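As structure tokens, the structure follows; a few thoughts come after it.
Every read-out reported here was derived from the displayed coordinates using simple, explicitly stated rules and does not represent laboratory data. Fair warning: this is a prediction, and the values are worked out from it, not measured in the lab. Cβ placement follows ideal geometry from the backbone for every residue including glycine, while neighbour counts extend to all protein chains displayed.
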Number of protein chains: 2
Amino acid sequence: MSEKIPYKIYLTENELPDSWYNVRADMKNKPAPLINPGTHKPCTADELKPVFCEELVKQELNDTDAYIPIPDGIREFYRMYRPSPLIRAYCLEKKLGTPAKIYYKFEGNNTSGSHKLNSAIAQAYYAKEQGLKGVTTETGAGQWGTAMSMACSYFDLDCQVYMVKVSYEQKPFRREVMRTYGAKVTPSPSDTTEVGRKILSEFPETGGSLGCAISEAVEAAVTQEGYRYVLGSVLSQVVLHQSVIGLEAMAAMDKYGIKPDVIIGCAGGGSNLGGLMSPFVGRKLRGEADYQFIAVEPASCPSLTRGSYLYDFCDTGHVCPLAKMYTLGSEFMPSPNHAGGLRYHGMSSILSQLYHDKILQARSVEQTAVFAAAEQFARVEGILPAPESSHAIKVAIDEAMECKKTGEAKTILFGLTGTGYFDMYAYKAYNEGTMTDYIPTDEDIAKALKNVPKV
Amino acid sequence: MSEKIPYKIYLTENELPDSWYNVRADMKNKPAPLINPGTHKPCTADELKPVFCEELVKQELNDTDAYIPIPDGIREFYRMYRPSPLIRAYCLEKKLGTPAKIYYKFEGNNTSGSHKLNSAIAQAYYAKEQGLKGVTTETGAGQWGTAMSMACSYFDLDCQVYMVKVSYEQKPFRREVMRTYGAKVTPSPSDTTEVGRKILSEFPETGGSLGCAISEAVEAAVTQEGYRYVLGSVLSQVVLHQSVIGLEAMAAMDKYGIKPDVIIGCAGGGSNLGGLMSPFVGRKLRGEADYQFIAVEPASCPSLTRGSYLYDFCDTGHVCPLAKMYTLGSEFMPSPNHAGGLRYHGMSSILSQLYHDKILQARSVEQTAVFAAAEQFARVEGILPAPESSHAIKVAIDEAMECKKTGEAKTILFGLTGTGYFDMYAYKAYNEGTMTDYIPTDEDIAKALKNVPKV
């Protein structure tokens, strides 16, 4: 195709995918099932239904159907901000002087500021269809809580968000956006749940953690009539919903005859990279094409690169099913100097299995290098990236610079999951040279893994 | 055209306008020229060149050429974030139950968070072409400073921003974004300029004003070798650059056979509404079509609805040329409870003349009503609007509700200039019910007008 690739490839609304792609259907080695922490047997639909919406339970357990139709009510909402643009980073390529061709799929063009909205609207839709009053959830950095607030506001659902206390205090504006969308935001741990009160009595000074906020949100869901719990990452249903990112990216690239060599995404719980890579992984698994996949995680929370592959608790309060995943242990807490999200101790069971099968690679990067890449990117590409997204930028730049050395003109695709407007404290620390790095010791990790259940 | 109008109409990059449209060329009654405050004669190019870039001086004085080509270097940058989407507010229409068809041109899809980037990149480009070292400017709410920082960073120009002190203190994150783009940000009034020191000695406790920051930035430009001053609104060159908004909106609407009946924009200095309406005004002036144009201003800073049409100072320090405009007097200060921008005492001479000639109408609205409209909009349309943009939303909703009463199915187009991510203090006040309104008394306005020069 000789036509010049535009800066931004926008699919039309008619080209919006009509189904999500379920990569599990094409995986020969299926991700290990969630198991009941008491019986150690795979969770049944009936066990999961008190916690999750019925339709979402079906999706969570479905590892055979490759395509699951996106209901019209969800596609209608998607049309407000999707298809999202696939952007050719011409300015970055020029600045780096690389022969590589760099593309990024930009998911920050909506008020939640990230890709999280893709799954939030789906989960809210099914809650509404089920006739529920509302949902409970947790949020760390705040993107998921914001996305869920927006989605619930659209469907007139009550939204109760447990926000990790340290974020609640450091990010008052995130909280305010959620309130503007009508959500009730509670700092976690709180005295509104039993598990919260227990943690508070043991650690009255704690700033909270994602694992703890999950426990509180689950308890709040199961103890209120007409409520269910929703989660923004880790679960297979979330990777399924996020496949809309990859499907659009693939359609846009196919349209222009572009074939990515390397596909890169940041990975905390795995929702964004899982979504971006899913349809490409499908092609690879079916033997139709080959790609290199790279998960980028913070050196301060390195679940893939330094974790163990085993069944672990998904939450601190141990109220959730067990998941087999690369984990640092549910007690693991990234150091307080860690900015932004990507602080979950485990990883999506889909990504974990793909990593275990060597289809997915992983790298960990330190945050000052991440912010240096973020600033370099912002200055030439215009977009101020979220700290999480900047992990992918860092490795995309590394790959492009490697191409400069070798002369290879690789095509790089990375996921730009969101914007950094609510992360200016972290940018300030970087600008002022006070940002520091932290790498947990082997002892830190071994200690956090001690409480892993025996399965 | 029977095809369903999509949610978002995106022009292709090939449809990006190749010229700006200069509405002055089609105006029978030309806007009054800038005059020299000493001689009271129209400013010559030679008088303006020590302050502004040469090419921009030409554009400022050009009221005859209808189309001025956009240089490739600027179009290249525009491609990073333009054409911006024209969005059909289907969800808002449904929520309001109105027969009106509502469209908005969304300019918040870039990191500066507003339309200001359209002129910032043009002004930076001409500064670079002229071989300058850098530029000086002022910023109030922060959008313009952010936009100028981004533009200067792209062209490797030094950027010195005088930020109204009260904003500097209340909006540390805006400041941080500018620093991330490499700008030097100084709270104004400061001791770095003579005019700043003078104001500080008279009013040591002042929180500053836009008029005062302009005076400092101009002084900084003329006293440093290789620097010029740039301004984000009010000037005719800015309305010219912003015409890209209106040209795209018109092209997108023409493509789908849509004809707006009412065109609405918020108006502080007039840059956004001027840009959006320009090509439509051209059609109206040439007798090709008719439209109703409405400028929306805050009741707390009502230059069109309650100001006087006369020559006034553009800045507090009186170092700038005089402009004929609707003005509240250069001493006018909106009450401290006023949130966001739209706080300039005057108005673009182009908009002023059009208002004087009854081509443009104006309405003033109070801020609690504006934030109520903002919240209503955010919850159904997804986008969290800037307080400034929400003035236009408020009147668009009013017009749509009027249609609901009368049964008329008017087509409404409004400018959604930007996002509110950095305005969460104001949203917080609204959410908590502590936001108040303020309308200046006739005495307040009469007092501020006392120092208007005798021309």
Shortest-first distances to equivalent copies, position A:ASP46, nm, label 7 Å out along Cβ: 9.5
Degrees, to the nearest 10: A:117-129 long Cα axis against longest axis of chain A: 40 degrees
For B:LEU360, residues with placed amide H under 5 Å, excluding near neighbours: B:TYR355
Rel. contact order, % - alpha carbon contacts under 8 angstrom, at least six apart, chain B: 19 percent
Dipole of chain B, positive end: most advanced residue of B:HIS356, B:LEU328, B:TYR227 [Cβ charges, Cα centre]: B:HIS356
Given charges at Cβ of Lys, Arg, Asp, Glu: region B:12-134 dipole, positive-most of B:LEU16, B:PHE106, B:PRO37: B:PHE106
Entries of A:LYS410/B:LYS116; A:LYS394/B:LYS165; B:LYS171/B:LYS454; A:LYS259/A:LYS358; B:LYS58/B:LYS259; B:LYS58/B:LYS171 with Cα pairs more than 29 Å apart: A:LYS410/B:LYS116; A:LYS394/B:LYS165; B:LYS171/B:LYS454; B:LYS58/B:LYS259; B:LYS58/B:LYS171
For B:GLY407, inter-copy label distances in nm, listed shortest first [label point 7 Å out on the Cα-Cβ vector]: 7.7
Number of partner chain Cβ atoms within 10 Å, mean per residue of B:76-85: 4
Interchain or long-range residues, amide H under 5 Å from A:CYS43's placed H: A:LEU34, A:ILE35, A:ASN36
10 Å Cβ neighbours from other chains, averaged over peptide B:375-386: 5
Pseudo-label separations to other copies for A:GLN130 - Cα-to-Cβ vector, 7 Å, nm: 6.4
Ellipticity estimate at 222 nm from DSSP helix runs (n ≥ 4, -39,500 (n - 2.57)) divided over chain A, nearest 500: -12500 deg cm²/dmol
For chain A, share of DSSP beta bridges that run antiparallel, in % to the nearest 5: 35 percent
Region B:8-107: relative contact order as a whole-number percent, Cα under 8 Å and 6+ apart: 37 percent
Cα-based helix-to-principal-axis angle, B:72-81 vs chain B, degrees rounded to 10: 60 degrees
Label-point separation in nm, B:PHE203 to A:ALA409, each point 7 Å along Cα→Cβ: 6.0 nm
16 Å Cα-Cα reach of A:LYS255 towards lysines, excluding residues that sit fewer than 8 places from it in its own chain: A:LYS4, A:LYS8, A:LYS105
Helix A:271-285 axis, angle to chain A major axis (alpha carbon atoms, nearest 10°): 60 degrees
Within region B:304-434: Cβ-based charge dipole about Cα centre, in debye rounded to nearest 20 (Lys, Arg +1; Asp, Glu -1): 220 debye
Normalised contact order of region B:270-418, rounded percent, pairs of Cα under 8 Å and 6 or more residues apart: 23 percent
Dipole axis of the protein assembly as shown (+1 Lys, Arg; -1 Asp, Glu on Cβ), positive-most option in B:ILE383, A:GLY307, B:VAL244: B:VAL244
Amide hydrogen neighbours beyond the local backbone of A:GLY270, cut-off 5 Å, H modeled: A:VAL234, A:SER348
Only Lys, Arg (+1) and Asp, Glu (-1) charged, at Cβ; chain B dipole about Cα centre in debye: 800 debye
Distance between region B:13-42 and region B:341-374 - C-alpha centres, whole angstrom: 19 Å
